[in-house]
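The values are calculated or read from the model by the stated rules, or taken from the named source; none is laboratory data. What you are looking at is a predicted structure, and each value in this text was computed from that prediction instead of being measured. Glycine also receives a Cβ, built like all others from the backbone with ideal geometry; neighbour counts cover every protein chain displayed. Just the protein is used for accessible areas: all its heavy atoms, side chains included, with ligands, DNA and RNA removed. Shrake-Rupley method; radii C 1.70, N 1.55, O 1.52, S 1.80 Å.
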Amino acid sequence: MNLLDPIVQASAGIRAIRRDIHAHPELRYEEHRTSELVAAKLAEWGIEVHRGLGGTGVVGVLRNGTGAKSIGLRADMDALPIQELNQFAHASTHSGKMHACGHDGHTAMLLGAAQYLARVRPFDGTVNFIFQPAEEGGAGARKMIEDGLFERFPCDAVFGMHNWPGFAVGQFGFAPGPMMASGNLFEIFVKGRGAHAAMPQQGIDPVFVAVQIVNGLQGIITRNKKPIDPAVLSVTIIKAGDANNVVPDEAYICGTVRTFDDKVTDLIEERMRRIAALTAEAHGATATVNFDRYYPPTVNHAAEAAFAADVAAELVGEANVVRAVEPTMGSEDFSFMLRARPGCYLWIGNGDGSHRAAGHGLGPCQLHNPSFDFNDELLPLGATYWVRLVEKFLAR
Ligand code: NI
């Protein structure tokens, strides 16, 4: 591993920032303290600061030389509504809120890179440091784009980095295409007619209809889409009724659909609407479907993915670079940035959890787990990676 010495020397300060953010987690669009801290550090290092994009978003702009090329580096800042089980010194001081996805570390790694780049300026062009709010279900990336992110801060390419438990420290993961899935929420409202449960012939039973619909939905996955197109359809909520002797009026079905391709999502949505409506009709009920495509799939651009993987290979060796990871069905709102600009989303190994300080919770060190903690060993590595990426992309 070829870490940059000044970054290693500064890493205690960056670690203090990471732990401070970890101790003060803020939920989506409430990242006031975090964005204040980010803006103050950028300004302290002489980086031009822009605030207010997507509410609490921050963009730092650093120009050098006369080059016209520009690059965007993105970190997310928000925490999750989870009660932290860790008891170590930097555990959350905000009840019910926790940095359980490592966005504290992503923010700190990008700050570490910004500090170095501002001082040494080993590039020709413009670096845009993008600190976004609300990655966790709030589409903060889309909000920043709607607020003119790429018009105000043009980026020839944009890159995002996420820690990845299970990958060893020093490993990086990339994919030349789809890396994470789309996130789609569906709800189905079944309307029947209530009756005495001993006289069901007098009503239309929405529970019975809902069960037929749920069974039918899985047929979309096994019978309608091409087997080689990955997709998940999970029904996670069914609600109906309040009493054992009453046929209720209505039933409610809710769940999630994940795909890597909008055309597959189109097919699933269309089939879902037909199955719900016509199954209900067959039984004299009605069903309406709400289908919300909240995150598109995260699809890397092949050229930028190869470029980003080459940078990692120079840093940690080809043996530690997975150039085509198995994509996951989780979703990520960096997808919106990859729809707007060429670029690449990448994983940096967070290790197996043995880095956690004494007093950590008994759960695994997995994303969204109450015993998770970002691995501080990544701070100089991730920051060095960002710097090398900038040096190569904006080569003098
Ligand atoms: Ni995350």
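Do we find a residue being on the phi > 0 side of the Ramachandran plot and assigned to a loop (DSSP other than H, G, I, E, B) anywhere in the stretch 158-166? Yes, there is a match, as at least one residue in the stretch 158-166 is on the phi > 0 side of the Ramachandran plot and assigned to a loop (DSSP other than H, G, I, E, B).
Considering GLY330, GLY359, GLY317, the condition of being under 30 Å from ARG274 (Cα atoms) and open to solvent by 20 Å² or more (accessible area, probe 1.4 Å) is satisfied by GLY330 alone.
Does the stretch 16-39 contain at least one residue that is in the same structural domain as ARG388 (by TED's automatic domain parsing) and within 14 Å of ALA383 (Cα to Cα)? Yes, the stretch 16-39 has at least one match.
Just to verify a result, which residue in the stretch 24-36, among those that are acidic (Asp, Glu) and in contact (Cβ under 8 Å) with a residue 12 or more places away in the chain, is least open to solvent (accessible area, probe 1.4 Å)? Result: GLU31. When you scan the stretch 387-394, do you find a residue that is open to solvent by less than 10 Å² (accessible area, probe 1.4 Å), modelled with pLDDT of 95 or more and not aliphatic (A, V, I, L, M), even just one? No, every residue in the stretch 387-394 fails to be open to solvent by less than 10 Å² (accessible area, probe 1.4 Å), modelled with pLDDT of 95 or more and not aliphatic (A, V, I, L, M). Taking residues in the stretch 269-288 that are charged (D, E, K, R), and partners anywhere that are surrounded by fewer than 22 Cβ atoms within 10 Å (Cβ to Cβ) and not in a helix (DSSP H, G or I), the pairs with Cβ atoms closer than 6 Å and at least 6 places apart or on different chains are GLU269/PHE291; ARG273/VAL289. Within the stretch 279-296, the residues that satisfy the criterion of being touching a Gly at 6+ places or on another chain (Cβ under 9 Å) and either in a loop (DSSP other than H, G, I, E, B) or more than 30 Å from ALA157 (Cβ to Cβ) (or both) are THR279, ALA280, HIS283, GLY284, ALA285, THR286, PRO296.
Kindly establish whether VAL127 is in the same structural domain as GLU151 (by TED's automatic domain parsing), assigned to a strand (DSSP E or B), of a type in the set (Val, Ile, Thr) and touching a strand residue (DSSP E or B) at 6+ places or on another chain (Cβ under 6 Å).
Considered against the rule, which asks whether it is in the same structural domain as GLU151 (by TED's automatic domain parsing), assigned to a strand (DSSP E or B), of a type in the set (Val, Ile, Thr) and touching a strand residue (DSSP E or B) at 6+ places or on another chain (Cβ under 6 Å), VAL127 comes out as yes.
Among all positions in the stretch 194-216, there is no residue which is open to solvent by 80 Å² or more (accessible area, probe 1.4 Å), within 17 Å of ILE275 (Cα to Cα), part of a strand (DSSP E or B) and touching a helix residue (DSSP H, G or I) at 6+ places or on another chain (Cβ under 8 Å). Within this structure, LEU379 passes the test of being surrounded by 22 or more Cβ atoms within 10 Å (Cβ to Cβ) and outside any strand (DSSP E or B).
Residues are listed down the side, and each one gets a yes or a no for (1) of a type in the set (Ser, Thr, Tyr); (2) surrounded by fewer than 19 Cβ atoms within 10 Å (Cβ to Cβ); (3) away from the ligand (no atom under 16 Å from the Cβ):
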| position | (1), (2), (3) |
| --- | --- |
| ILE14 | no, no, yes |
| HIS22 | no, no, no |
| TRP45 | no, yes, yes |
| ARG51 | no, yes, yes |
| ASN64 | no, yes, yes |
| ILE71 | no, no, yes |
| ASP76 | no, no, no |
| PRO81 | no, yes, no |
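Taken residue by residue, the stretch 341-354 has no member that is farther than 27 Å from PHE260 by Cα and touching a Ser or Thr at 6+ places or on another chain (Cβ under 6 Å). Among the residues that make up the stretch 309-325, is at least one of them within 16 Å of the ligand (Cβ to nearest atom) and of a type outside the set (Phe, Trp, Tyr)? Taking every residue of the stretch 309-325 in turn, at least one turns out to be within 16 Å of the ligand (Cβ to nearest atom) and of a type outside the set (Phe, Trp, Tyr).
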